[in-house]
1. May I ask you to say which residue of Arg167, Arg91 is modelled with pLDDT of 90 or more and of a type in the set (Lys, Arg)?
2. Just wondering, is there one or more residues in segment 217-226 that are in contact (Cβ under 8 Å) with a residue 60 or more places away in the chain, among the small types (Gly, Ala, Ser) and in the same structural domain as Thr266 (by the TED database)?
3. Hey, any hits in segment 305-316 for a residue that's out of contact with any helix residue (DSSP H, G or I) (no Cβ under 8 Å at 6 or more places or on another chain) and over 30 Å from Leu30 (Cα atoms)?
4. Against the definition (in contact (Cβ under 8 Å) with a residue 40 or more places away in the chain, more than 28 Å from Glu81 (Cβ to Cβ), surrounded by 18 or more Cβ atoms within 10 Å (Cβ to Cβ) and out of contact with any Phe, Trp or Tyr (no Cβ under 6 Å at 6 or more places or on another chain)), how does Leu291 come out, yes or no?
5. Take the residues of segment 319-333 that are in contact with a Leu (Cβ under 9 Å, 6 or more places away or on another chain) and open to solvent by less than 10 Å² (accessible area, probe 1.4 Å): which is farthest from Ser166 (Cα to Cα)?
6. If you go through segment 219-237, how many residues are within 30 Å of Phe10 (Cα to Cα) and either open to solvent by 20 Å² or more (accessible area, probe 1.4 Å) or small (Gly, Ala, Ser) (or both)?
7. Do we find that Leu284 is aliphatic (A, V, I, L, M), open to solvent by less than 40 Å² (accessible area, probe 1.4 Å) and either touching a residue at least 60 places away in the same chain (Cβ under 8 Å) or not in a helix (DSSP H, G or I) (or both) in this structure?
8. Assess whether Glu248 counts as being open to solvent by 90 Å² or more (accessible area, probe 1.4 Å), outside any helix (DSSP H, G or I) and either at pLDDT 90 or above or within 30 Å of Leu308 (Cβ to Cβ) (or both).
Amino acid sequence: MSKRRHWDPFEDEISVETPDTSSIRNGVALPIWLKRLPLPVALLALIWTMVAGFAGNSFPFAPVAVTTLAFGAIFLVEMLENADGRRLARRVRIARDRGWSYTGRFLEWQIERTPVRDSEGQYERRSQRVKPPRLEKIEARIPELTKVRAGSFMGVRLDGEFWGDSREDSLPLWVAVGAMQMEAGLGMREMRRDARRGKGGYGQFFSMLGAYRIDRKTGIRAVIRPENIVNRGPLDRDIKTESIQFNERFHVSGRPMTKRDNRDVTQEVLQILTPATQATMLDLAARFHNLGFILEDDVLFFMAQDRLAGENASEGGIDRLLPGMLEEFEAAKLSIRRYVE
């Protein structure tokens, strides 16, 4: 496909080529129980290997062999299902249906051989995964919505990006999405259920991060992110609204966009956090696993995390449900943008 130019919150304008997926095969539809089996077996085999290594006097051939086969089975399942290919085809189909562009190329991790000093002080070249520059730029710009924060937020994993215009108001938008497998067989009941009546220990955890440009420059950077569970009493020093429930759920901070500007922007942040904004955020917090937003002058970043469980997390379930999840996310972003403006 030909390249298209889009507004981008990090590059101002970016050229995107949506990949051709006509040759991607569907793969084999495997039952959920079979997809879940290799991981616990691999973990148990790994424990067996460690115990045998400490207790025995010889090399633990059997435990190591079982561990190798179990971890190999994890990759075999992914190959049989062609999970990566189906994910790409699914997202390209969503982009085409909406007139958007999509690519995961900018967020692909690379394997590079870099010099590393060993225990004897000698350098040797080792292969390691290198974070893509695009992801580093995203994390540096909005770390509060992307990086892990102990006691507060597990961070986001992003592996693909959409660019296009909103169906609601035709304004340009950017949406990044990422997914990772989730095993919650021993987790609490709510962790084994999703918002679409799916239930089971196997699941997929989705992170969605989007950006709009609003119609006015605010001159401030306001951050509303998940609250840290240890921020209690004298440690709870963020900006407070009149809503106790909102204050318990979200951490609020703000600063001027200009570093030399030392003025207090508390009132300007509270003007953004109107009662309607707070009510909307609390409603969305009851629906999504985690959410937050950053208003950086005239760009609104919005983050939400969701999960699918059981059969909903199968490849067919994701094919069916992901378009609706993105629509719900877009509607949530628009509702926040409407009140912020």
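The values are calculated or read from the model by the stated rules, or taken from the named source; none is laboratory data. Predicted model, so just to flag it, every value in this text is computed and none were measured. Positions of Cβ are backbone-derived with ideal geometry, glycine not excepted, and every protein chain shown enters the neighbour counts. Protein only, heavy atoms only, side chains kept; ligands, DNA and RNA dropped before computing areas. Shrake-Rupley method; radii C 1.70, N 1.55, O 1.52, S 1.80 Å.
1. Going through Arg167, Arg91 in turn, just one is modelled with pLDDT of 90 or more and of a type in the set (Lys, Arg): Arg91.
2. Filtering segment 217-226 down to residues in contact (Cβ under 8 Å) with a residue 60 or more places away in the chain leaves 217-226.
Narrowing further to those that are among the small types (Gly, Ala, Ser): 219, 222.
Add one more test, that the residue is in the same structural domain as Thr266 (by the TED database), and what stays is 219, 222.
The answer is yes; a qualifying residue exists.
3. Within segment 305-316 (the criterion being out of contact with any helix residue (DSSP H, G or I) (no Cβ under 8 Å at 6 or more places or on another chain) and over 30 Å from Leu30 (Cα atoms)), the answer is no, since none of the residues qualifies.
4. In short, yes.
5. Filtering segment 319-333 down to residues in contact with a Leu (Cβ under 9 Å, 6 or more places away or on another chain) leaves 321-322, 325, 330, 332-333.
Checking which are open to solvent by less than 10 Å² (accessible area, probe 1.4 Å) leaves us with 322, 325, 332-333.
Values: Leu322: 17, Met325: 15, Ala332: 12, Lys333: 10 Å.
Per the criteria, the residue is Leu322.
6. Filtering segment 219-237 for residues within 30 Å of Phe10 (Cα to Cα) gives 219-228.
Within this subset, residues satisfying the condition of being either open to solvent by 20 Å² or more (accessible area, probe 1.4 Å) or small (Gly, Ala, Ser) (or both) are 219, 222, 225, 228.
The number of residues fulfilling the criteria is 4.
7. no
8. Criteria not met by Glu248.
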